[in-house]
Amino acid sequence: MIPGNDDKPIQYQHNTSSPFTATHAAISIPLEESQIESIAQREGWRCLRCSRGDFDIIEFWVENSLLLELATPELAEKYTALFAPENLAQYFGEKNKA
């Protein structure tokens, strides 16, 4: 999708270089991991739980080309605790020492 000119809506452009996009989103959702996996399986899309070092996410590949990093309530709780404002200085300070 590309922006339309002036007052025109979005336009579509075929990308022949790659079916993938560099854009992705991390989203907290009120589903369990098994429910997410079920949706991916039904659609034939790639889905797997991955570690990002200090936290886990579920890679959910919409149409096997657009990445959504999904966080179940359990995963989101760990992520938000890790990156809470009061923990950021310590977290990044430790990362910079390595």
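For GLN90, are the conditions met, namely being outside any loop (DSSP other than H, G, I, E, B) and either in contact with a strand residue (DSSP E or B) (Cβ under 8 Å, 6 or more places away or on another chain) or aliphatic (A, V, I, L, M) (or both)? Even if it seems obvious, please write down each step before you answer.
Details: outside any loop (DSSP other than H, G, I, E, B): yes; either in contact with a strand residue (DSSP E or B) (Cβ under 8 Å, 6 or more places away or on another chain) or aliphatic (A, V, I, L, M) (or both): no.
Answer is no for this residue.
Working only within segment 1-11, note down all residues that are modelled with pLDDT under 75 and in a loop (DSSP other than H, G, I, E, B). Selection gives MET1, PRO3, GLY4, ILE10.
Taking residues in segment 2-19 that are under 16 Å from SER65 (Cβ atoms), and partners anywhere that are modelled with pLDDT under 75, the pairs with Cβ atoms closer than 8 Å and at least 6 places apart or on different chains are TYR12/MET1; TYR12/ILE2; GLN13/MET1; GLN13/ILE2. In segment 39-73, the residue that is surrounded by the most Cβ atoms within 10 Å (Cβ to Cβ) out of those that are part of a helix (DSSP H, G or I) and in contact with a strand residue (DSSP E or B) (Cβ under 9 Å, 6 or more places away or on another chain) is ALA40. Under the condition of being modelled with pLDDT of 90 or more and under 22 Å from THR21 (Cα atoms), the residues counted in segment 64-98 number 4.
Within segment 27-35, is there a residue that is out of contact with any Leu (no Cβ under 9 Å at 6 or more places or on another chain) and of a type in the set (A, V, I, L, M, F, W, C)? Looking through segment 27-35, none of the residues is out of contact with any Leu (no Cβ under 9 Å at 6 or more places or on another chain) and of a type in the set (A, V, I, L, M, F, W, C).
Just one of (1) closer than 18 Å to THR80 by Cα; (2) not in a loop (DSSP other than H, G, I, E, B) fails for PRO30. It is (2).
The values are calculated or read from the model by the stated rules, or taken from the named source; none is laboratory data. All of these numbers come straight from a predicted model, not from anything done at the bench. Glycine gets a Cβ as well: all are built from the backbone with ideal geometry, and neighbour counts include every protein chain shown.
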